[in-house]
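Worksheet: one structure, shown below.
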Amino acid sequence: MVSTQRPVPAASPPPTAPTMPDDVVIRVSQLAKTYRIWATPAARLRGPLLAGMARLLPPGNPTRERLLAGSDSCSREFHALRECSFEIKRGETFGIVGQNGAGKSTLLQLVAGTITPTSGSVSVNGRVAALLELGSGFDPTFTGVENIFLNGSILGLSDGEIRQRFDEIARFADIGDFIHQPVRTYSSGMVMRLAFAISVCVDPQILIVDEALAVGDNYFVNKCFHRLNELKSRGVTILFVSHAAAIVTSLCSRALLLDKGQTVMVGDAEEVVNRYNQLTRERQSADVQRLSQPVTTPAPATEATAAAPTRPAAPAVVFADPELEKRCQNTRFGNGGARIVRVQMEDTAGHERTAFAHGQSVIIKFFCEFLEDADHLVIGYFCRTDTGINITGTNTEVEGIKIPRQAAGSRSLMLFHTTLPVRPGIYSITMALTGTRGRETEISTLDWVDLAHSFSVHLAPNQPAFEQQVLIPHDFEFHPVE
């Protein structure tokens, strides 16, 4: 294990950081970063020139003072981070929250060692994989394959170790033949896929993620959070930045709240997020633009959600979805007696969609093929957040529905009618089919598919925001009492 100490260059040597306990992998002590902002491009030359001329004159000389004043007027200091201190223990998932410009990215770059601090120190024990600015660390003229080897070598892996992990990285990134093309030809989503795949597949001891998943599609974002939870269970230390408070509280045990470069509090993730939300509300009340909310893509106009859903007859469709087979080859299991071959979501008008309004009525369609005779069938689903938390779901046994015996070679379509009373965000559907197969009498899992489908939920126009994960409809009465 390598220990790196990055003290600040100063006129006098900084104090040596005390030795960290074995269970502490990151220690930040009085860390600060200040940038000089120049008034104009010409001021960048004029300021140092005036300061250099002033140093040629003796102290107290009026001309020296005028030169120094002129030099100072050419620029101003911007404090991106001020005296930040905290420790992260081995295996801990630590979140950092704050509005845009709070200093989150600056702090992560200081911890990763890509920039040097103005004062204070940061100590890191372990192999660090950092997913910071999109595409940072990639050579745009290199192919994806070459960048995998470049990044792996930077992380301290030998060519042999990179080759051992190459197939896993390529499979996780899932960018097809583009992996052999120069990175400059990639879309932002493809760059993020490759960067994240490298970061999580090189067995990092410390993983740093800076809001990089904002450009991913619904399915890949869910896939990434499943991998983060897997790394977390393996004891990898994760330093995570996100504007999404629900993700921080579900993924992190502790968190840090930054505001305008200053530490507001360090503590339990839920308490930190509550304080963060309070700051946001206070700024809203002062008519300050709320910067902490992610930008959402408006969906087409929807029907009134209060109306009871009309259940249309199932239209003729192409039965199997080859993309599902490809996408879920590593997220499914079962004995093979039946296969889930397509999952889709529709509004009550029968239009297939992946974006819905909060509270909207939807239909979840579930297509399956029976490769063997099957009986005592139960079919169900989970709806999960992008961090893998189950928030709702059901199955035919719970609903009191009996599915008839299915013969080998038969196909079926099942429909679940429901609503989406969940907060805005990205969600996934996990589908499961259990029963007996052939002449067996023991019930087993025929097919189980994680991340079978992904969708997003947004607020309808003029709908007030809420903080709960699920907003259950209520009736409210108000009665004055004498």
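Calculate I(q)/I(0) for the stretch 322-458 by the Debye formula, one identical point scatterer on each C-alpha and no solvent, and give its log10 at q = 0.18, 0.19 Å⁻¹ to two decimals.
-1.01, -1.11
What number comes out for the charge environment of GLN205, summing +1 per Lys or Arg and -1 per Asp or Glu over other residues with Cβ under 11 Å away? Provide the component values of the computation, followed by the final result.
Values: positive: ARG90, ARG127, ARG234; negative: ASP203.
It works out to a net charge of +2.
How big is D, in µm² s⁻¹, for the stretch 66-157 by Stokes-Einstein at 20 °C and 1.002 mPa s if Rh is the Kirkwood radius over C-alpha pairs?
On the way: Rh = 16.5 Å.
Value of D from the Cα-based Kirkwood radius: 130 µm²/s.
How long are the three semi-axes of the equivalent ellipsoid of the stretch 146-242, in whole Å, if each is the root of 5 times an eigenvalue of the C-alpha gyration tensor, listed from largest down?
Values: eigenvalues 77, 65, 26 Å².
After diagonalising the Cα gyration tensor, the semi-axes are 20, 18, 11 Å.
Let me have the relative contact order for the stretch 322-458, percent, based on Cα pairs under 8 Å that are six or more residues apart. List each step's numbers first, then the result.
Values: 337 pairs, mean separation 45.4, N = 137.
Reported relative contact order: 33 percent.
In nm, what is the difference between 0.36 nm times the number of residues separating ASN335 and ILE401 and their Cα-Cα distance? Before the final figure, lay out the partial values.
Values: separation 66, 0.36 × 66 = 23.76 nm, distance 2.33 nm.
That pair, ASN335 and ILE401, stretches by 21.4 nm at full extension.
At a Förster radius of 22 Å, what calculated FRET efficiency corresponds to the Cβ-Cβ distance of ILE391 and HIS351, to the nearest 0.05?
Working: r = 24 Å, r/R0 = 1.10.
E(calc), rounded to 0.05, equals 0.35.
Going highest first, how would you order 396-403, 68-75 by mean Cβ packing within 10 Å?
Values: 396-403: 11.9, 68-75: 15.8.
Top of the packing list down: 68-75, 396-403.
If r is the Cβ-Cβ distance from GLN468 to THR419 and R0 is 22 Å, what FRET efficiency results, to the nearest 0.05?
Numbers: r = 15 Å, r/R0 = 0.69.
So, using R0 = 22 Å, E works out to roughly 0.90.
Which entries of LYS365/LYS402; LYS89/LYS232; LYS223/LYS326; LYS223/LYS365; LYS104/LYS223 show an alpha-carbon separation above 19 angstrom in the structure shown?
Working: LYS365/LYS402 17 Å; LYS89/LYS232 13 Å; LYS223/LYS326 14 Å; LYS223/LYS365 21 Å; LYS104/LYS223 24 Å.
Listed pairs above 19 Å: LYS223/LYS365; LYS104/LYS223.
Quick one: which of 450-457, 171-178 comes out on top by average Cβ neighbours within 10 Å, and what's the full order, highest first?
Values: 450-457: 22.6, 171-178: 15.6.
Taking the mean over residues of other Cβ atoms within 10 Å, the ranking is 450-457, 171-178.
Please list 433-443, 115-125 highest first by mean number of surrounding beta-carbon atoms within 10 Å per residue. Please report the intermediate quantities before stating the final value.
Working: 433-443: 16.1, 115-125: 19.7.
The densest-packed peptide leads the list: 115-125, 433-443.
FYI, it's all coordinate maths here, none of it is from the lab. Keep in mind the model is a prediction, meaning the values are calculated, not measured. We place every Cβ from the backbone using ideal geometry, glycine too, and count neighbours over all the protein chains shown.
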